[in-house]
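In what follows, a structure is listed as structure tokens, so that the remarks can point back to it.
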Amino acid sequence: AFSNARGGLLIIGVDDHGVVVGLEDQDIRRLNQLIGNVINENVTPPIYPLVTIEKLENKKVLVIEVAEGVSKPYSTNKGIYLTKAGSDKRKVSQDELRRLFAQAKKLYADEEILPQTDRMDINIELFYQFVANEDSDIYEGLKSGDLNLETILNNYNVMDGSHLTLAGNLIFGMSPQKFSPSFYVDCIYVVGDDISSNHYRSEQRLKGTFKTLYEQSRRFIVSQLKHYQVEDDFNSNGKLEIDEIVLSELIINALIHRDYHINAPIKIVMFDDRVEIINPGKLTNSLTIEKIKRGISIHRNPILNSLARYVLNYSGRGSGIKRVLRINPKVEFIN
């Protein structure tokens, strides 16, 4: 439990009321042996706590210092995963367990299998369009029947066995939110400049594939923005308040790089003075705002990253944020 959380101390020789009762030498020898056996036989992967004998009120106590684990998640030899809950422990929830595996780089969210799905849940026409853009030889092989469709779906990580992956569902699903109900885009235009406003001008809950979410999100924002005159000629075309390239890059970034271990929608909140795109999850691993401004990127969702290049206007080279800032240096990023 300590190793799956932030570490902690286990002090033996103090009762439930905080009274130091102490340990005899034979207790310490017995407990040291017991601790060693537990570590070697009951914890997977093994942990290496620091065990010391300390004196409190002239009585000996045993202090076991457990560091936060570097190989999370840890389990008992019976496959039970525990974590700290105040002064007690509890079983790790499925969402927490997925996140622990992700932190250990043992599981990417977008490769998660959706067991209630099968091939009937894929929009095959969309997949064929993707293959035609990505590899014409594979497309021709599928057309001629020389290549097996299910094999190709598995090769692209759209499916794993007979079930869709999360990436396959989000990109090619017939009804993606049926199996991933939290992964939609929530849009609202609030009156004023504060989210606590009691009034809104417009709101929409957007559902569909990545391409649909991108197009509808962009359309929602653009439809609410003003065009203003930049040329002397009254009949000239107006300029949109926010450059459409900026909007496109930031919406695509939110779809591809969000944390899909968190069950929450992307939120687009428009105010009278700004637009906020709120993306679930913090920056992954060692990324910082300064690093992404310099074009450094780490793929949190590698399957989505590879598939989206042929579905959206996306290169995957980490240049999007630099492009945004070149067009509009006032865009603010908050981790």
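Taking 7 Å steps out from each Cα toward its Cβ at ARG274 and LEU56 produces label points 4.8 nm apart. Protein-only accessible surface at a 1.4 angstrom probe places the residues SER3, SER197 in the order SER197, SER3, largest first. A simple spin-label model places pseudo-atoms 7 Å from Cα toward Cβ; at ILE11 and ASP25 they are separated by 2.5 nm. Residue separation of ILE138 and SER202 scaled by 0.36 nm, minus their Cα-Cα distance, works out to 18.6 nm of gained length. Between LEU56 and VAL61, the built amide H atoms are under 5 Å apart, and every one of these is 5 or more places off in sequence or on another chain. Each residue of the stretch 191-203 was assigned a 3J(HN,Hα) from its phi angle through the Karplus curve 6.51 cos²θ - 1.76 cosθ + 1.60 (θ = phi - 60°); the sequence is 6, x, 10, 9, 5, 7, 4, 8, 9, 9, 8, 7, 8 Hz, with glycine and proline shown as x. First select every other residue whose beta carbon is under 14 angstrom from the beta carbon of ASP25; then total the charges, Lys and Arg +1, Asp and Glu -1. Here the count lands on +3.
Taking 0.36 nm per residue of separation and subtracting the Cα-Cα distance, full extension of the segment from LYS89 to ILE327 would add 80.6 nm. Legend: P(r) of the stretch 158-253 from all alpha carbon pair distances, 5 Å bins from 0, whole percents, reading 2, 11, 16, 16, 16, 13, 10, 7, 4, 3, 1, 1, 0. Counted over all Cα-Cα pairs of the stretch 1-137, pairs farther apart than 23 Å make up 53 percent. Computed extension gain for GLU41 through ASP146, at 0.36 nm per residue and net of the alpha carbon distance, reaches 32.6 nm. What FRET efficiency comes out for GLN129 versus ILE289 if R0 is 45 angstrom and r is the Cβ-Cβ distance? Round to the nearest 0.05. Calculated transfer efficiency: 0.80. Comparing HIS257, HIS17, HIS163 in a Gaussian network model of the chain, where Cα atoms under 10 Å apart are tied by springs, the biggest mean-square fluctuation is seen for HIS17.
log10 I(q)/I(0), Debye, Cα-only the stretch 255-320, no solvent, q = 0.12, 0.13, 0.17, 0.26 Å⁻¹? The Debye formula, applied to the Cα set alone, gives -0.36, -0.42, -0.72, -1.27. Candidate cross-link partners of LYS59 among the lysines, defined by an alpha-carbon separation under 24 Å and a same-chain spacing of 8 or more, are absent. For the chain, complete DSSP H runs whose alpha carbons reach 18 Å or more along their own long axis and whose mean Kyte-Doolittle score is -0.5 or higher are 244-257. Label-to-label distance for LYS239 and VAL191 is 3.1 nm, based on points extended 7 Å past Cα in the beta-carbon direction.
Listed here are the pairs LYS211/LYS282; LYS211/LYS239; LYS293/LYS330; which of them are more than 18 Å apart at the Cα? Table pairs above 18 Å Cα-Cα are LYS211/LYS282; LYS211/LYS239. Solvent-accessible surface (1.4 Å probe) assigned to GLU125 amounts to roughly 130 Å².
A Stokes-Einstein calculation at 4 °C with viscosity 1.567 mPa s, built on the Kirkwood radius of the chain over Cα pairs, returns a diffusion coefficient of 54 µm²/s.
Think of it as helices only: each DSSP H run of n ≥ 4 in the chain is worth -39500 (n - 2.57), and spread over all residues that comes to -10000 deg cm²/dmol at 222 nm. Taking a Cβ cut-off of under 11 Å around ALA5, the surrounding Lys, Arg, Asp and Glu residues balance to a net charge of +3, with basic ones at +1 and acidic ones at -1.
The values are calculated or read from the model by the stated rules, or taken from the named source; none is laboratory data. Not measured: the values here are computed from a predicted model. When we count neighbours, we look across all protein chains shown, and the Cβ atoms used for this are built from the backbone with ideal geometry, even at glycine. We work out accessible area using only protein heavy atoms, side chains counted, and drop any ligands, DNA or RNA first. Shrake-Rupley method; radii C 1.70, N 1.55, O 1.52, S 1.80 Å.
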